[in-house]
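Since every read-out is calculated from the coordinates, none of them should be taken as a lab result. All figures in this text were calculated on a predicted structure; none of them were measured in a lab. When we count neighbours, we look across all protein chains shown, and the Cβ atoms used for this are built from the backbone with ideal geometry, even at glycine.
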Amino acid sequence: AGLTCHERRGDVTLGGRRIGFLHGDDSRAFMEMIASQDYDLVCYGHTHEQEVHQEGRTWVLNPGAVYRASPHTVAIVELETIDIRHVVLES
């Protein structure tokens, strides 16, 4: 089907931005990915809590969750400017 399984972590390049992603339950892998400064954006989950901040050149994003969270949230990222906004989903 042309799909790729990235296992516990992975990365893609979209819109000229390198994006790393991982679940977030392995704090060492999470901190290493951020500290590498190889990524424009690192996305993670695990906590089900929305969050965004910048460390060096890397933006760190947790979009929140659509399950087992209140409120249910997703994140939208404008890759050209790395403008990030969380959107609360209606129940």
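Each residue of the range 60-77 is assigned a 3J(HN,Hα), and the resulting list reads 10, 9, 10, x, x, 7, 9, 9, 6, 8, 8, x, 7, 9, 10, 10, 10, 10 Hz, derived from the Karplus form 6.51 cos²θ - 1.76 cosθ + 1.60 (θ = phi - 60°), x at Gly and Pro. Considering only 53, 12, 34, the residue lying farthest towards the positive end of the dipole of the chain is 12, judged by Cα position with unit charges set on Cβ.
With loop membership from DSSP and a limit of 10 other Cβ atoms within 10 Å, the longest segment of the chain without GluC sites (Glu not before Pro) is 8-79. The residue 76 and residue 28 beta-carbon pair, evaluated with R₀ = 22 Å, returns a calculated FRET efficiency of approximately 0.15. Considering only trypsin sites (Lys or Arg not before Pro) in DSSP loops that have at most 12 other Cβ atoms within 10 Å, the longest stretch of the chain without any of them is 9-56. Placing +1 on the Cβ of every Lys and Arg and -1 on the Cβ of every Asp and Glu, with no other charges, gives the range 5-87 a dipole of roughly 120 debye about its Cα centre.
Normalised by the number of residues in the chain, the average gap of Cα pairs under 8 Å and 6 or more apart makes the relative contact order 18 percent.
Taking the DSSP beta bridges with both ends in the chain, the antiparallel portion is around 75 percent.
Residues considered: 24, 15, 45. Largest GNM mean-square fluctuation over the chain, using C-alpha springs under 10 Å, is found at 15.
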